[in-house]
Amino acid sequence: MDFLLENYRWIRAFHIISVIAWMAGMFYLPRLYVYHAGVPVGSAQSELFKVMERRLLRVIINPAMIATFLFGGMLLATPGVVDWSAGWIHLKLTAVLVMSAYHGFLARWRKAFEQDRNTKSAKFYRWMNEVPTVLMIVIVIAVTVKPF
Ligand code: HEM
């Protein structure tokens, strides 16, 4: 506990850094799907998108999510940081849960592209691209403004 209290600001800083990396990937990957859905299966462009998507998910998005949860969990465990009777933390963690489910769908859609069996349109992925933006806005307002 002493470690968490003494290093609270460092842990919060690393939490925010990992959040930024996670969100950067969550905004970029569905954008790649928008373009990938518009090129022919088996084309050189499609094969290039497969490499980009695989690396973005495995090298950036997955590790950043793990780091966000690790440092976020340490903040939850730090005495005095969270008042569980307040509403903001429940709103935040619910939105984080939905964000994590969305992450799961991104991974599933990537596999479909990789196996040339994507059936969804560029328009579908354009709409899906808005989901993490809305969730991020809800999460950041909940944790910084703590409105209730
Ligand atoms: C399992 C995932 C997460 C957990 C357990 C978690 C938990 C926390 C906790 C307990 C704090 C400290 C609040 C305080 O010091 O008052 C915090 C800070 C913060 N979290 Fe998270 N968080 C998670 C995911 C996220 C995500 C996905 C985002 C953004 C999209 C985010 C954005 C922030 C920001 C911006 C702060 C700093 C707030 C400030 O300094 O005022 N967190 N988080």
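The values are calculated or read from the model by the stated rules, or taken from the named source; none is laboratory data. Being a predicted model, the structure only gives us computed values, none of them experimental. No Cβ is skipped: glycine too gets one built from the backbone with ideal geometry, and neighbour counts run over all protein chains shown. To get the accessible areas, we keep the full protein, side chains included, count just its heavy atoms, and leave off ligands, DNA and RNA. Shrake-Rupley method; radii C 1.70, N 1.55, O 1.52, S 1.80 Å.
For P132, the conditions (1) in a loop (DSSP other than H, G, I, E, B); (2) more than 19 Å from I11 (Cβ to Cβ); (3) within 11 Å of the ligand (Cβ to nearest atom) are fulfilled apart from (1). For first residues located in the stretch 7-18 and more than 14 Å from P79 (Cα to Cα), partners that are part of a helix (DSSP H, G or I) and open to solvent by 90 Å² or more (accessible area, probe 1.4 Å) and lie 6+ apart or on another chain with Cβ distances below 9 Å form the pairs F14/L70; H15/L70; S18/I66; S18/F69; S18/L70. All conditions in (1) more than 12 Å from the ligand (Cβ to nearest atom); (2) open to solvent by less than 40 Å² (accessible area, probe 1.4 Å); (3) under 14 Å from the mean Cα position of the chain (by Cα) hold for F113, with the sole exception of (3). Just wondering, is there one or more residues in the stretch 48-60 that are over 30 Å from K123 (Cβ atoms) and open to solvent by 60 Å² or more (accessible area, probe 1.4 Å)? No, because not a single residue in the stretch 48-60 is over 30 Å from K123 (Cβ atoms) and open to solvent by 60 Å² or more (accessible area, probe 1.4 Å).
Only one of the numbered conditions (1) open to solvent by 50 Å² or more (accessible area, probe 1.4 Å); (2) touching a Pro at 6+ places or on another chain (Cβ under 8 Å); (3) not aromatic (F, W, Y) is not met by R108, and that is (2).
Considering only the stretch 11-22, I want to know if a residue exists there that is surrounded by 14 or more Cβ atoms within 10 Å (Cβ to Cβ) and within 30 Å of D116 (Cα to Cα). The answer is yes, given that some residue of the stretch 11-22 is surrounded by 14 or more Cβ atoms within 10 Å (Cβ to Cβ) and within 30 Å of D116 (Cα to Cα). Of V81, V98, all but one fail to be over 30 Å from Y33 (Cβ atoms) and either open to solvent by less than 30 Å² (accessible area, probe 1.4 Å) or among the hydrophobic types (A, V, I, L, M, F, W, C) (or both); the exception is V81.
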